[in-house]
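Colleague: Below: one structure in structure tokens.
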Amino acid sequence: MVSPHGGNGAKAQAIPQDAVASNAPAGLYVHVPFCRGKCPYCDFYSEPSPALASRWVDGVLREADLYGDLFSRFDTLYLGGGTPSFLSGEDLGRLLSGLQRRFRWESSVEITLEANPDDVTPEKAALWWDLGINRLSLGVQSLDDAMLGVLGRRHTAAQAAAAVEAARQAGFTNLGLDLMWGLPGQSLAQWRETMESVLAFSPEHLSCYELTLEKGTVFYQMACRGDLSLPSQAQSRLFFTATSRFLRQRGYVHYEISNFARGDVFRSRHNQKYWRHVPYLGLGPSAHSFDGRRRWWNARSVETYCEMVEAGGWPVAGREIPGPEERRLEALMLGFRTREGVPLALVGDTDRARRAVTTTVSQGLLEVQRQRLRPTLAGWLVANRLPLLFD
Amino acid sequence: MPKIRNFSIIAHIDHGKSTLADRLIQTTGLVSEREFRDQILDTMDLERERGITIKSNTVTLPYVRPNGEEYALNLIDTPGHVDFSYEVSRALASCEGVLLLVDASQGVEAQTLANLYVAMEHDLTIIPVINKIDLPSADVERVKGEIENELALDADQAVLCSAKEGMGIQDVLEAIVERIPEPQGDLEAPLAALIFDAHYDSFRGAIIACRVFDGSVKAGDRIRFMSNGAVHKVEEVGVMRLKREPRKVLKAGEVGYIIAGIKTVSDVSIGDTITLDEDPVADPLPGFREVKPVVFSSIYPVSSDDYPSLAATLEKYKLNDAALVYQKDSSAALGQGFRCGFLGLLHLEIVQERLEREFDQSIIMTVPSVQYRFTLDTGETVTVENPQYYPDPVHIQSTEEPFIRASILCPERYMGTVMKLCTERRGQNPRFNVPIPGRVEIIFDMPLAEVIYDFYDRLKTVTQGYGSFDYEVTDYRPSDLVKVDFLVNGERVDALSIIVHRDRARAWAVQVCDRLKEEIPRHQFKIAIQGAIGTKIIARSTISAFRKDVTAKCYGGDITRKRKLLEKQKKGKKRMKMVGAVSIPQSAFVAVLKTDKE
Ligand SMILES: Nc1nc2c(ncn2[C@@H]2O[C@H](COP(=O)(O)OP(=O)(O)O)[C@@H](O)[C@H]2O)c(=O)[nH]1
Ligand code: SF4
């Protein structure tokens, strides 16, 4: 059995507290590996049946026990998936109270639940609110029923609107909506229309993801056969910039490549931890963790995961300790995804680095502001390459 | 005391030379069946893949005739390419006879001819051997006809065999014994031995393969190389029997090896005569020629950090290949490297492949060049084989380039296409010979620069494999030369510069610009590629910027996988050369050298 602590011995000694690089409170992620069905574009791990849900809750709590006070305190909890809204109230309640008892929490915690619109009823929304969940992330994806059909979603635009309404009624004042663009056959005008309609809900947060083809998905196979008409590179550039312009004009902060907030307070506190190298603990199958020094990840299948924790071991499938060079690369890679970019100090002040800064700035990919190197829209469009320009 | 026969095998590629050699080795019992390994003579991988023998190997086969007479048959292997024609001639000069191997289904092919001429020049006994008679497509009568008509040899004398099936091998051995004359030589005369091959052993130093013509040599003798006067004390003599087998003495008529603690390989030149220091022979054996490099190119490590390792490797390599010459070189684009001189383009390719494959070096080679001569306005003449040292054009009074006498042998029907090819390559003054009915020898005066590149490949194409090619450098002739530079986003990539004839400059520049466009990956900005003479742009291409490379989602915490992807890209980038802000992959430098596939 692999332990993220590097051995099977006493865990408290295995990871010295000072290994946690940052003083910032950590984030807790729980992977809920259940979905009603499989969307044709999605490569996340999920089980179609909730039969294992209660066993899974036990497993997650067992896993939580293993970590004790390794992470001193948390200020976010994110239930992601999969489809967390698929969980029964009972399982969800058991999970939340169990986690609450096992870890130390800041006084103000952001608790996010990912929900599919077809799961959101006024009753469920009220229940979630009562359980302490204070942020919903709704997988709306589109407000065009034809597009929703193409995406294989089980909800309609009307259901999405009803879900928003239910959430608001239940008391949610921090609502995030997930949208997708660059869909098969989608025009820029259609996309603008979707955004326009979505803004009528005044969401606090918007994630606008470009549809990406992931290996092993139905869409991927269709694309290989040429059965999917996706936008060209030039078109998708246009989608990206148009989205940014449109939402910024409507008062949203474009704070990460795919993320927008109606004011800085509504940024996703949890997701920012990933981009800022702040520690996070991931519980559940295929979840990833980072303690400030080490990274480790869990077994992918619910079965294996449960068996491992039930046997009293770590459900860990792999781990690594990134060296200084690797951490730097991570910091560049993650930092350049955000509006804040990276501190100038991170790229160093060798001649090479200075030259790279001058070149990228003159190419309009980055800008220097308050000792930080920040990506422009053009820079974001090539974000994957940016770290390579500084080595 | 066994009697001696010295022979070699001449064959077109794939007609079965290696198979026959293996078969002879096996039949004479030099190795047991168990030890018998296919293709024993060709030990280097590289040779096998390219189907040519680069470094000749020699082996002494013990043969007992049915009547009980004992023989030592020395099989001298020869390299098979025009760059090595000199080595071939030295190897053949060490024999009294050759087996001319012809594939029973393919018949006589052009490549056979060049070496056959050498054999004829040396007055060697030629035994036609028709191989692969086991093949259903074998047509012995037709092949006999070709031997008769095209080679003017007596086809009735042809020996039939199948090297693969082991048929007729005894007949081949008997023919060698009966028809090839016993070597003549005066045991009492001063030592005269011909060096036809040498290679380096890290423990023993140079191992010289030689044919003793007169006198004898033994351990303890002080031998002298007649070309340079170097004297060494012999440590060991012997014969090659797959492994070296020491003997007390090597006598007139014999073929064997000499080890004399020679650490400086450059002392040993193929074709040189070895004699005894105390009792030297008056005249060296005829035919010695100093091998001079004619093609030059620079070698750079892909990663500049590997320069010391490349330096050490070249030093080692040179021990086994005295023909390679090199000196330090440096380039703004590629950093520290070496300027190397080669016998020809094939030699260059072999060095390149061996460095990469056997010595595990990642290298970039620059476009090969010949040695040009420039007369400056000061009256001074400078020789330049590296475009980097191209003189300032305002001071150049006149330019000259090396010319060769190119001799192409092919069936008559290809005369037209060969003439056209040679004229395209600036060939002048065509002459013709008809050595055998149906074949022509076409002789042209041609600039060496025109053949070092892809001439041989083209020739093979236009003659469908029937053209053979040989050349010798003759003289320097006036020429109109220019230097073409290549600029990537305005920065000159010195390693791509080339000196060419003015008429060829544009075509070259266009081709290189296109190749670079294919090989240089898109960057986040537009890249302009230009070919220029001085400040005048003569060709250009553009690589448009990549438009988008961004991952929509980056959370869920799986940072490791994404970072690993970046690391992989970063590694790839390390193998590239930075010119300004542009990363040029090694493949771009290689692609520039690729021959045009029309
Ligand atoms: N059928 C048949 N094939 C042969 C014979 N001798 C050689 N070969 C095949 O011909 C090919 C070329 O032989 P090889 O000895 O490598 O030719 P080399 O290039 O002249 O050294 C190989 O595939 C051999 O197996 C033979 O007598 N009969
Ligand atoms: S997109 Fe969401 S609901 Fe659809 S399969 Fe993936 S995780 Fe499940």
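Colleague: Do the conditions hold for A:Glu114, that is, is it crowded, with 18+ Cβ neighbours inside 10 Å, within 15 Å of ligand 2 (Cβ to nearest atom) and under 24 Å from A:Ser207 (Cβ atoms)?
Modeller: The answer is yes for A:Glu114.
Colleague: Out of the residues in the range A:120-149 that are crowded, with 18+ Cβ neighbours inside 10 Å and among the β-branched types (Val, Ile, Thr), which is farthest from ligand 2 (Cβ to nearest atom)?
Modeller: The residue in question is A:Ile133.
Colleague: While we're on this one: Do we have any residue at all in the range A:233-241 that's of a type in the set (Val, Ile, Thr), part of a helix (DSSP H, G or I) and in contact with a strand residue (DSSP E or B) (Cβ under 6 Å, 6 or more places away or on another chain)?
Modeller: No, every residue in the range A:233-241 fails to be of a type in the set (Val, Ile, Thr), part of a helix (DSSP H, G or I) and in contact with a strand residue (DSSP E or B) (Cβ under 6 Å, 6 or more places away or on another chain).
Colleague: Which one of the conditions (1) surrounded by 20 or more Cβ atoms within 10 Å (Cβ to Cβ); (2) within 18 Å of B:Lys573 (Cα to Cα) does A:Leu366 fail to meet, given that it meets all the rest?
Modeller: (2)
Every residue, every condition in (1) surrounded by fewer than 19 Cβ atoms within 10 Å (Cβ to Cβ); (2) modelled with pLDDT of 95 or more; (3) closer than 19 Å to B:Glu278 by Cβ, yes or no:
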residue	(1), (2), (3)
B:Ile180	no, yes, no
B:Ala192	no, yes, yes
B:Asp197	no, no, no
B:Tyr200	no, no, no
B:Ala230	yes, no, yes
B:Lys243	yes, no, no
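Colleague: Whether any residue in the range A:186-206 is in contact (Cβ under 8 Å) with a residue 24 or more places away in the chain, surrounded by fewer than 20 Cβ atoms within 10 Å (Cβ to Cβ) and in contact with a Pro (Cβ under 9 Å, 6 or more places away or on another chain) is what I want to check.
Modeller: yes
Colleague: Is it the case, given these coordinates, that B:Ile584 is modelled with pLDDT of 90 or more and assigned to a strand (DSSP E or B)?
Modeller: Criteria not met by B:Ile584.
Colleague: If I ask for residues that are closer than 14 Å to B:Lys553 by Cα and under 18 Å from the mean Cα position of the chain (by Cα), which ones from the range A:240-261 would you list?
Modeller: Those that are closer than 14 Å to B:Lys553 by Cα and under 18 Å from the mean Cα position of the chain (by Cα): A:Tyr255, A:Glu256, A:Ile257, A:Ser258, A:Asn259, A:Phe260.
Colleague: Scan the range B:565-581 for residues that are assigned to a helix (DSSP H, G or I) and facing chain A (nearest Cβ under 9 Å) and jot them down.
Modeller: Residues satisfying the conditions are B:Leu565, B:Leu566, B:Glu567, B:Gln569, B:Lys570, B:Lys573, B:Lys574.
The rows are residues; the columns are (1) closer than 25 Å to A:Thr76 by Cβ; (2) within 10 Å of another protein chain (Cβ to nearest Cβ).
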{"residue": "A:Cys208", "(1), (2)": "yes, yes"}
{"residue": "A:Lys215", "(1), (2)": "no, no"}
{"residue": "A:Ser244", "(1), (2)": "no, no"}
{"residue": "A:Lys273", "(1), (2)": "yes, yes"}
{"residue": "A:Gly282", "(1), (2)": "yes, yes"}
{"residue": "A:Arg294", "(1), (2)": "yes, no"}
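Colleague: On to the next question. Would you tally the residues in the range A:40-88 being within 16 Å of ligand 2 (Cβ to nearest atom) and either over 26 Å from A:His155 (Cα atoms) or more than 14 Å from every other protein chain (Cβ to nearest Cβ) (or both)?
Modeller: Number satisfying all stated conditions: 12.
Colleague: If I ask for residues that are away from chain B (no Cβ under 12 Å) and closer than 25 Å to A:Ala200 by Cβ, which ones from the range A:217-242 would you list?
Modeller: Within the range A:217-242, just A:Ala242 meets the criteria.
Colleague: Name the residues in the range A:311-332 that are over 24 Å from the mean Cα position of the chain (by Cα) and of a type outside the set (D, E, K, R), would you?
Modeller: A:Ala311, A:Gly312, A:Gly313, A:Gly323, A:Pro324
Colleague: Restricting to the range A:358-375, name every residue that is within 12 Å of chain B (Cβ to nearest Cβ) and touching a helix residue (DSSP H, G or I) at 6+ places or on another chain (Cβ under 9 Å).
Modeller: A:Thr359, A:Thr360, A:Gln363, A:Gly364, A:Leu365, A:Leu366, A:Pro375
Colleague: Does at least one position in the range B:543-553 carry a residue that is more than 9 Å from every other protein chain (Cβ to nearest Cβ), over 29 Å from B:Pro402 (Cβ atoms), touching a strand residue (DSSP E or B) at 6+ places or on another chain (Cβ under 6 Å) and at pLDDT 80 or above?
Modeller: yes
Colleague: Hey, among A:Ser301, A:Ser286, which residue is touching a residue at least 24 places away in the same chain (Cβ under 8 Å), more than 9 Å from chain B (Cβ to nearest Cβ) and within 25 Å of the chain's Cα centre (by Cα)?
Modeller: A:Ser301
Colleague: Among the candidates A:Arg300, A:Arg352, single out the residue that is over 28 Å from B:Val579 (Cα atoms) and surrounded by fewer than 18 Cβ atoms within 10 Å (Cβ to Cβ).
Modeller: The unique qualifying residue is A:Arg300.
Colleague: What do you reckon, is B:Phe444 free of Cβ contacts under 8 Å to residues at least 40 places away in the same chain, assigned by TED's automatic domain parsing to the domain that holds B:Phe403 and crowded, with 20+ Cβ neighbours inside 10 Å?
Modeller: So B:Phe444 fits the description; yes.
Colleague: Sticking with this one: Identify all residues within the range B:474-511 that are among the hydrophobic types (A, V, I, L, M, F, W, C) and touching a helix residue (DSSP H, G or I) at 6+ places or on another chain (Cβ under 6 Å); write none if there are none.
Modeller: Residues satisfying the conditions are B:Val482, B:Val484, B:Phe486, B:Ile498, B:Ile499, B:Val500.
Colleague: Taking the condition of being under 19 Å from B:Asp454 (Cα atoms) and surrounded by fewer than 16 Cβ atoms within 10 Å (Cβ to Cβ), how many residues in the range B:377-414 meet it?
Modeller: Matching residues across the range B:377-414 total 0.
Colleague: Considering only the range B:110-166, state which residues are assigned to a loop (DSSP other than H, G, I, E, B), in contact (Cβ under 8 Å) with a residue 60 or more places away in the chain and within 15 Å of ligand 1 (Cβ to nearest atom).
Modeller: Within the range B:110-166, B:Lys132, B:Cys161, B:Ala163, B:Lys164, B:Gly166 meet the criteria.
Colleague: Looking at the range B:263-284 only, could you name the residues that are in a loop (DSSP other than H, G, I, E, B) and buried (at least 23 other Cβ atoms within 10 Å of the Cβ)?
Modeller: B:Val268, B:Ile270, B:Asp272
Colleague: Only one residue in A:Val253, A:Val278 is away from chain B (no Cβ under 12 Å) and β-branched (Val, Ile, Thr), so which one is that?
Modeller: After applying the criteria, what remains is A:Val253.
Colleague: Let me ask another. Only one of B:Gly229, B:Gly261 is out of contact with any Asp or Glu (no Cβ under 8 Å at 6 or more places or on another chain) and on the phi > 0 side of the Ramachandran plot; which?
Modeller: Every option except B:Gly229 fails the conditions.
Colleague: Next question, about the same structure. Taking the condition at pLDDT below 90, within 12 Å of another protein chain (Cβ to nearest Cβ) and over 25 Å from A:His254 (Cβ atoms), does A:Arg328 pass?
Modeller: no
The values are calculated or read from the model by the stated rules, or taken from the named source; none is laboratory data. Everything quoted here is computed from the prediction, not taken from an experiment. Virtual Cβ from ideal backbone geometry, glycine too; neighbours counted across all protein chains shown.
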